[in-house]
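Below is one structure, written out as structure tokens; comments come after it.
The values are calculated or read from the model by the stated rules, or taken from the named source; none is laboratory data. These numbers were taken from a predicted model, which means no experiment stands behind them. Here the Cβ is made from the backbone with ideal geometry for all residues, glycine too, and neighbour counts use every protein chain on show. The protein model used for the area step is the full one, side chains on, heavy atoms only, and it has no ligands, DNA or RNA in it. Shrake-Rupley method; radii C 1.70, N 1.55, O 1.52, S 1.80 Å.
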Amino acid sequence: ARGCKRCEPVMGLKPSDNLNGLRNAPDAEDCSFCNTARAPSEEEPQPNPHPDPPGLLIITAGTFEDRVVHSEKHVFLLVSADWCPPSKAMKPDWYELANLLKDNEEIDIAFIDSDKNRTDPRYIWEGSIPLMKLFVKGRKSSPILYEGERQVSAWLEFLAQECKVKAGGGLLKAQ
């Protein structure tokens, strides 16, 4: 099934394949098709934040606690997979958001591939993707699910409202 190092090559799966029903649950420890233990995390890319696209922090299951939960910054996280058409459609805008906020000291724009990483059900229990959650510093145990429009202007408005962050590295002044 999708996300299994044993099944994907045998079944000839490519990242572009959209195979509903053959995807492992994000927190599955074993492949639902072949019952093989799934690797909990992909390798962390170097350097991170990633230079292409600029400003995007790549999260893995192995770095989630340090880079999201224990980070001193707000973290706006996209949970996604390469095979998902809505995920693919929104990635250019997510990359643009990361680039806009790359110099902001208050927030990280982050991404985790749900097929390559088991997500922590304490923070990400939803089973659908794409999924966006804001981990506000000081309130990381209760991330905010983003349910608005999937476009840069809507995300910037959301971030300004929830954590007073704006493009250009500054903070919005309280009204």
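Here region 68-161 is treated as a Stokes sphere of Kirkwood radius computed over C-alpha pairs; at 10 °C and 1.306 mPa s its diffusion coefficient rounds to 117 µm²/s.
In the complete set of protein chains, residue-level accessible area for GLU65 is approximately 60 Å², probe 1.4 angstrom. Here r is the Cβ-Cβ distance between LYS88 and CYS34 and R0 is 25 Å; the resulting FRET efficiency, rounded to 0.05, is 0.45. Projected label points at SER141 and GLU105, each 7 Å from Cα along the beta carbon direction, are separated by 2.9 nanometres. Computed on protein heavy atoms with a 1.4 Å probe, the accessible areas place ARG122, ARG150 in the order ARG122, ARG150, largest first.
Cross-link pairs exceeding 26 Å in C-alpha to C-alpha distance, out of LYS88/LYS164; LYS91/LYS133; LYS116/LYS164, comprise LYS88/LYS164; LYS116/LYS164. Estimated from the Cβ-Cβ distance and a Förster radius of 41 angstrom, the FRET efficiency linking GLU149 and GLU72 is about 0.90.
Rounded to the nearest Hz, the phi-derived 3J(HN,Hα) couplings of region 148-165 under the Karplus curve 6.51 cos²θ - 1.76 cosθ + 1.60 (θ = phi - 60°) are x, 5, 9, 8, 4, 4, 5, 5, 4, 5, 4, 5, 5, 6, 7, 9, 6, 8, where x marks glycine and proline. When nucleic acids and ligands are ignored and a 1.4 Å probe is applied, ASP66 ends up with an accessible area of around 110 Å².
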